Amino acid sequence: MKKYAYIGCLGFIAVITTEFGVIGILPQIAEYYKISIDKAGYLLSAFALIIALTGPFMTLLTSGFDRKKIMLTAIFMFLITGFVSSFSPPFWLLMLVRILPAFLQPVYIATALSVAVSQADDRKKNGLMGLVFNGVAIAMVTTVPFATWIAGLWAFEYSFMIQTVVSLIALMVIYFMLPPMPVKEKKSYGNQIRILKQPPFVLSTLTNFFMITAWFSTYSYFADYLNKAKGMDTSMISYMLLLFGIIGVFANGVAGKMLNKNVAATTAIFLSGTIVVPVFLYFSDGNLWATIAVIGIWGFLYSPSFLNASTYMISSAPESLEFANSLATSFGNLGVTVGTTIGGWVIVTKGVEYIPWIGLVFGLLAFAMMILKGIVGKRRQVLSACQN
């Protein structure tokens, strides 16, 4: 049902607003707490690291619980995070409340996707998953740039207030519009973990990791890069986030339809952005309009990255949807952690203008994993044919 997909999408907006809403205000946070930009980046990388380390285990542990209760609990944690953060607590406490909802973020995503496709046939599943993942693009076009804009007008604390309001709205919609959804048949842990022994799934996982690392080595410092390398102020950066998100909503819809036809080809097409965007950013130099055009291309190719990565992994393990989704979320967030950490290190040691090239390197590694998966797949087909 599309209704379930839209509910999942709304919750996803709250999740993304909280996780990535700090991207546009990292320079302000660094200034307020008198810390370097790479240390401020821990607010993003630590969040992602917790997801990477605990996601699959938390999803397995909660796989037998009512799905509505899981989604409500997860969004409630995001609500608490936004509320406490809006009081600009000491940095250690800000880090702590940022980390808490990270334990349930992959659980929410895996559950929301499972609920969205629970009553759909195979031909419509990727499209419904695309609707849920539209929450990423919608947040980028609405709540994230709006929160950045508000922070630019007043103070960064107001950005966290926006996150709190969005989480409250999502919580109320889930509570009143989603029916109780108890799990009728819980899959054994052994059956779900079995996919970790399958080489195509392992290579899909590595593709996911390198792809997200490539994108976030640059995107995590979107505001800092546009400010220092392209000379944009906070207001202009919020407009760029808006442009990024508007194009991203369209891109997610396109990607969802393309994935229904060919998962590997779609993933490769959008992954190519990790290679072409750094080149375009370099040649745009100080030309404002050229830079805006590149940001539009960047938004189109980047926005479906989580949808592409998850679908690419799930296509290798369709029998374990929720666990595969949680692994996709975990390794994707591990990519966020590694990309953010390496990007921050490059900024401190070399300069912010160099970070797009880190994305190119990891993009090439992702392509290498896709090629290797294709080779392994063909060999398995040959062996299977010989045995028959």
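Observations
- Sulfur and carbon atoms: percent of accessible area, the chain [1.4 Å]: 69 percent
- A compact globular protein would have a Cα radius of gyration near 2.2 N^0.38 Å; the ratio found for segment 61-113 is 1.25.
- Exposure rank, largest accessible area first [Ile269, Ile99; 1.4 Å]: Ile269, Ile99
- Computed from the C-beta positions of Trp154 and Tyr282, the FRET efficiency with R₀ = 35 Å rounds to 0.50.
- Taken one residue at a time, the phi angles of segment 333-347 give Karplus couplings (6.51, -1.76, 1.60, θ = phi - 60°) of 6, 5, x, 4, 4, 5, x, 5, 5, 5, x, x, 5, 5, 4 Hz. Gly and Pro are set to x.
- Helix-only [θ]222 nm of the chain, DSSP H runs n ≥ 4, -39500 (n - 2.57) each, per residue, nearest 500: -26500 deg cm²/dmol
- Heavy atoms of Lys39: accessible area, 1.4 Å probe, square angstrom to 10: 90 Å²
- Paramagnetic label zone (point 7 Å from Cα along Cα-to-C-beta, Glu31; backbone N under 17 Å) in segment 229-245: 229-239
- Candidates Asn227, Asn252, Asn262, ranked by Gaussian network fluctuation over the chain, Cα under 10 Å, top entry: Asn262
- Convex hull projection area averaged over all views, segment 1-112, Cα basis, nm²: 7.1 nm²
- Accessible solvent surface per residue of segment 1-116, calculated while the other protein chains remain in place, 1.4 angstrom probe, Å²: 34 Å²
- Protection proxy ranking of 11-17, 201-207, 282-288, 354-360 - average other beta-carbon atoms within 10 Å, highest first: 11-17, 201-207, 354-360, 282-288
- Over segment 137-294, the pair-distance histogram of Cα-Cα distances with 10 Å bins from zero comes to 8, 25, 29, 25, 10, 2 percent, rounded to whole numbers.
- Cα→Cβ-extended label distance, 7 Å offset, between Leu96 and Ala290, nm: 5.0 nm
- For the peptides 148-154, 71-77, residues were scored by their other Cβ atoms within 10 Å and the scores averaged per peptide; the highest-first order is 71-77, 148-154.
- Taking the charge dipole of segment 91-186 about its Cα centre, with +1 at Lys and Arg Cβ atoms and -1 at Asp and Glu Cβ atoms, the residue from Phe146, Leu96, Val132 reaching farthest to the positive side is Val132.
- Full-extension gain in nm, Thr73 to Lys350, via 0.36 nm per residue minus C-alpha separation: 95.5 nm
- Using every pair of distinct Cα positions in segment 302-371, the Kirkwood expression returns a hydrodynamic radius of 13.5 angstrom.
- Per residue, the accessible area of segment 167-308 comes to 44 Å², computed with a 1.4 Å probe over protein heavy atoms only.
The values are calculated or read from the model by the stated rules, or taken from the named source; none is laboratory data. Because the structure is a prediction, the values reported are computed rather than measured. All Cβ positions, glycine included, derive from the backbone under ideal geometry; neighbour counts span all protein chains shown. Surface accessibility is based on the protein's heavy atoms, side chains included, excluding ligands, DNA and RNA. Shrake-Rupley method; radii C 1.70, N 1.55, O 1.52, S 1.80 Å.
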